[in-house]
Each structure stands twice: as C-alpha cells, then as structure tokens.
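Before any comments, here is the structure.
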Amino acid sequence: MLKKNNIVKFKEMLIERLLLCCSLLSVFTTAAIIYVLLSESIGFFKEVRIIDFLTDTQWTPMFTNKHFGILPLLCGTLVTTLIAIGVAVPAGLISAIYLSEYATDKMRHIIKPLLEILAAVPTVVYGYFALLFVTPLLKQFIPGLSGFNALSAGLVMGIMIIPLVSSLSEDAMHAVPMGLREGAYALGSRKIQVAFKIVFPAALSGITAAVILAVSRAIGETMIVAIAAGQQPKFTMNPLVPIETITAYIVQISLGDTPHGTLEYQTIFVCGMTLFVLTFVLNVISFKLKRRFQEIYE
Amino acid sequence: MEQEIIIQIKDADSFYGPKQILKNVTLDFQAKTVTALMGPSGCGKSTLIRCLNRMNDLIPRFRFEGKVLYKGIDLYAKDVDITDLRREIGMVFQKPNPFPKSIYENVAYGVRIQGITNREFIDGIVEESLKRAALWEEVKDRLHEPALSLSGGQQQRICIARALAVKPHVILFDEPCSALDPIATAKIEELITELKKNYTIIVVTHNTAQAARVSDFTAFLYLGDLVEFGPTAKIFTVPQDKRTEEYLTGKFG
C-alpha cells in the first residue's frame, strides 16, 4: 500500500530530467557563446597586438590601410550611452518617486502599465522614429546636425529605457518599510522630505543597480544606433556627427559579404567580446548592489 | 497634582472603509502625566493614539469624525499645519524604526528638516536628546556608526531620542516594548517614568502589568468603545465595568 508505484516514480524522474534540461539550455548557450567569442578573439589577437587594439584611434578593417583600434567604436557607444542615460535616469527616477510616494493606488495601476508599453515597442520602430522624426525636429534648432547622429539616437534610446529605470527603482523604493516613512512623518517631515531624505537614500543601492542595468542595456542596444547614428567609426565625442557604435559595426559587417575565417570576419567576435566584457562587469556590479540592498531589510 | 488638560478627544468616531473602529470616544489627557490606553488586540487603541498626531491620514480609506483639541486647538481643522502638529506631538512606534543612517543623523534628522544647519546647535541637541533618552553613555564614542548596528532596546531609545530632539510637548508610545526583551522593556519603562516630569506621555499597551507600572491614568478600550477611564490605581483595584475586571483578571485578551 505505502510503496511508491514504479510508473509514478518513472514519470516523476522524467519530469525532473526534462525540467533540468530546459534550465541547462540557457547555461549551455551562454557557455557556447563565450567559447565562440573567445576562440575567434584569440585568432584575431594572433594577428593584431592587444595594445594596438586598445590604443589605436582608427578602426578601418575594410580599407587597404587596415587599423584595428577599438577606441572610435567605444567612443560611439560611450556618446550614445551617455546621452541615453542622461535622459533615462532623471526621467525614470522622477517617475519612480512619483509612482512610489505620490501616486494613489489607482493612478499607479494606470500609469505603470502605460510606462511599460514603452518597453514593448520594437526597437526598429524607435530607430526610424529617431531617424525620421527626432533628427528633422532637432535640425530646426541645431542647424549643423547631420542626418545620422549620436544625439537623436541617444535621446530616443533614453526614452526607450525609462521604464527599465523607473520600474526597478520603484520596486526598490516600494520595498522600503512603511515604518521608516511613518518615523519620518512623525518628526514633522513633509512628503518631499520623506521621499528624498528617507526613501531615496534607503533605496539607493537598488536604484544604483537599476541605473547600471540601464547602462548595460544602452551599451548593448543595436537597432536604434544602427539605423539613426550612422556607420562612421570616428574618434570623437561630438554628438552632432555620424558615428558608429560597437553594436552597429557588428550589424554592418554581419550584413556584408565578409568571407568566413578572415581577419575582418574575426573583428565581429572581438567586438562582441568587448561588449560582453563591458555588460558582464556592469551586471555583476548591479547584482552585488542588489544583494547588499536586500540584506539590509530582510 | 495640577489639573491641566492638554488634549481632549471629543466624540471621536473613526472608520476604515465601511468598518467602524472607534465608537464615540471622549477622553481627556492631563499634562505631565502618563496615560495608558489598554485593551485587547483590535480594540482600537492604536487607532486612537494615531488620531492624536494624525498618523492615520497616511492610510487611504481612513476617515475620522469628531474633535481632537490640543491646547484648545482643533487638530482636524482645515488650517492646521500637520507638520507643526507632529513636532508638538511626537511618536515612538511599536517596532524600532531607526533610519538607515548614523546614530547622530537619526537624532539630528528632525532638526535638519526644519532647515537648521548650525553644526554646534545640532551637536548640542543630539547630545541633550541622547542624554534624556538615557543612551548617551552607551553611544557617545560611536555617534557616526549606523543606528541599525545597535540592539533592539538601544534602537528604540534612539527613536525616543529622535522624537525628543524636535522638542515635543506630548509623546505618544504605540506599544513601545512589544518587540523588546524584559531588560530592554524595564529600561524603556523607567525612561517613560523619568520623561513625564517634562512631557505628557500617552502609552498604548495590551500588557496590563505595564499599564499598572508606568501610568497615572488608564483607559480601557474594548471593540472600539471606551469602557472605562480613571486613575490607574482605581481602575486596577475597583474596576467599575465587568469587562474591565474580566480583562484585568485575564479572562480574555
């Protein structure tokens, strides 16, 4: 009576294995990606010195006079990311403070999903929005603006990641215990003082984690910059001229007819590796900060 | 004992949504005494104490009807500045809730938010408040360490010091010892007795022994009604109402 039915036992085992396989799938994929990136990058660095890769200020793998300096692409990524963060962080934090501290439940239930719709718009739509709407609009105020430029791509990318910042920061602020707010109100705080002097600092590590995730999202964003920022690797911080980001370069080469196994082909992986290292480091920092935040209140 | 009434509650009804919490409560508090609000869980004692500094305003769907007069001023009148009110009537909560800041910053917070920046002035207030909360000797060498590194009892005394720093006249204690061990509880009770020389104290407690130890007056609440109110000695020795007697003898609660 009390003995387990063998068929049930087998079924349970089967289900367990199946679930395990599903979860291992993403682990394997990550490992495979790292393997490919590494092996192709090693091939690349056999021909190009790392020091040249890191310090050369020209990126011209397709020209006869080849240069393989990552700096121009890094500059492009940096400029668009900075502009995006300059838009997303203030706007995201202000809406998070509003949603967490000021909005009534009803308002929060209306506004939060609306904000999250922003994240559901395909990035290609944002790309053309930047190219065909924002750039012409900006041209009316900035006559020197090129058709392709880092500015409008960065601005639109910033709008796209507002929900990421606001949603995660709102979660962090919402997790601040009500007791702290009550303590502050009981001492004669006004609402804005509670929001900025108590809740915001108490949620700071969670908010920082949100901002870092937003930065790594901006670094990795491809479609918007490929469409609206141009394809000219330039060692410049000027946001008004065409540039090229690391991601946009990968798109450009992948779409071309670069022969398999050549040095040009390997640049794709070296760029991928650079991106991977950047976002990985940022994600680790963000993860650590989040952990610290959870330790305080649990 | 002088007979100065500092707070009067008149015909207080309060509701959470459709549910009535307080039913027509009328109660006076004498200055510089300790009044205990005693009763079983859900009797409305916490709601009542939170009406006195309008802490319930933070709760959506909460409604208050009636009057609370503080030195003759109606606290629920439209032109009352709620932040000024809360500086006059301070509060210490059930669970110690120091801010995740240093000991010093916790005590200085209430002064700083008034726009005061004079360093020496704030130093003075911090020291004085910590002394009054009987904590100065324990923390004077570690003022810039996080308040959350202190023990529960010390955290509660930080919260008391924090409340004292804004110079209130009345201090509300909402079950201040329910999260503390007996030794820490004894310290807080001793402190309450000491503080009544200068402040009016109102303590919520479900612990009858605590009410007997610390208070001069006791109000017994049951299911939103104020059942009985009078000098503590009288309530505990000759309760007039059967429900009070049953609560005191441990028949419920």
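For residues that are within 12 Å of chain A (Cβ to nearest Cβ) and part of a helix (DSSP H, G or I), scanning just the range B:104-119, find the one that is farthest from A:Leu187 (Cα to Cα). Selected residue: B:Glu105. Can we say A:Ile192 is aliphatic (A, V, I, L, M) and either under 28 Å from A:Ala119 (Cα atoms) or touching a helix residue (DSSP H, G or I) at 6+ places or on another chain (Cβ under 7 Å) (or both)? The answer is no for A:Ile192. Residues that are surrounded by fewer than 20 Cβ atoms within 10 Å (Cβ to Cβ), not aliphatic (A, V, I, L, M) and not in a loop (DSSP other than H, G, I, E, B): does the range A:228-240 have at least one? Checking the range A:228-240: not a single residue is surrounded by fewer than 20 Cβ atoms within 10 Å (Cβ to Cβ), not aliphatic (A, V, I, L, M) and not in a loop (DSSP other than H, G, I, E, B). Take the conditions more than 28 Å from B:Gln210 (Cβ to Cβ) and not small (Gly, Ala, Ser) and apply them to B:Glu105. Does it pass? Yes; evaluated as a whole, the condition is true for this residue.
A Cβ distance below 6 Å, combined with a sequence gap of six or more or placement on separate chains, defines the contacts here; from the range A:182-198, residues that are more than 7 Å from every other protein chain (Cβ to nearest Cβ) and under 16 Å from A:Ser100 (Cβ atoms) reach residues that are surrounded by 24 or more Cβ atoms within 10 Å (Cβ to Cβ) and of a type in the set (Gly, Ala, Ser) in the pairs A:Val194/A:Ala184.
Considering only residues that are more than 30 Å from B:Ala184 (Cα to Cα) and either facing chain A (nearest Cβ under 9 Å) or not aliphatic (A, V, I, L, M) (or both), which ones fall in the range B:72-103?
B:Gly72, B:Asp74, B:Tyr76, B:Lys78, B:Asp79, B:Asp81, B:Ile82, B:Thr83, B:Asp84
Do we have B:Val126 as more than 10 Å from every other protein chain (Cβ to nearest Cβ), at pLDDT 95 or above, part of a helix (DSSP H, G or I) and closer than 20 Å to B:Gln155 by Cα here? So B:Val126 passes the test.
Select from the range A:103-137 the residues that are hydrophobic (A, V, I, L, M, F, W, C) and either over 30 Å from A:Pro242 (Cβ atoms) or in contact with a Pro (Cβ under 6 Å, 6 or more places away or on another chain) (or both) and list them in ascending order. Can you show your working first?
The first filter runs over the range A:103-137 and keeps only residues hydrophobic (A, V, I, L, M, F, W, C), leaving A:103, A:107, A:110-111, A:114-115, A:117-121, A:124-125, A:129-134, A:137.
Matches in the range A:103-137: A:Ala103, A:Met107, A:Ile110, A:Ile111, A:Leu114, A:Leu115, A:Ile117, A:Leu118, A:Ala119.
None of B:Gly90, B:Gly39 is farther than 28 Å from B:Lys251 by Cβ, touching a His at 6+ places or on another chain (Cβ under 9 Å) and crowded, with 23+ Cβ neighbours inside 10 Å except B:Gly90. The single residue among A:Glu170, A:Glu182 that is more than 30 Å from B:Pro176 (Cα to Cα), part of a helix (DSSP H, G or I) and not polar (S, T, N, Q) turns out to be A:Glu170. Would you pick out the residues in the range A:251-273 that are of a type in the set (Ser, Thr, Tyr) and within 21 Å of A:Val124 (Cβ to Cβ)? If the condition is that a residue be of a type in the set (Ser, Thr, Tyr) and within 21 Å of A:Val124 (Cβ to Cβ), then A:Ser254 is the only one that fits. Considering each residue of the range A:99-121, count those that are among the charged types (D, E, K, R) and closer than 10 Å to A:Pro163 by Cβ, and give that number. The qualifying residues number 2. Kindly indicate whether any position in the range A:152-170 is under 19 Å from A:Ser95 (Cβ atoms), within 14 Å of chain B (Cβ to nearest Cβ) and not acidic (Asp, Glu). No, that holds for no residue. Restricting B:Val204, B:Val170, B:Val107, B:Val166 to residues that are over 30 Å from B:Gly44 (Cβ atoms) and not hydroxyl-bearing (Ser, Thr, Tyr) narrows the list to B:Val107. Quick one: which of A:Leu168, A:Leu131, A:Leu155 is buried (at least 16 other Cβ atoms within 10 Å of the Cβ), farther than 21 Å from A:Val251 by Cβ and in contact with a helix residue (DSSP H, G or I) (Cβ under 8 Å, 6 or more places away or on another chain)? The conditions single out A:Leu168. Looking only at residues in the range B:134-170 that are surrounded by fewer than 17 Cβ atoms within 10 Å (Cβ to Cβ) and of a type in the set (S, T, N, Q), which one is nearest to the other protein chains (Cβ to nearest Cβ)? Going through the qualifying residues, I end up with B:Ser149.
The values are calculated or read from the model by the stated rules, or taken from the named source; none is laboratory data. Values in this document were obtained by computation on a predicted structure and should not be read as measured data. Note: ideal-geometry Cβ built from the backbone for every residue, glycine included; neighbour counts use all protein chains shown.
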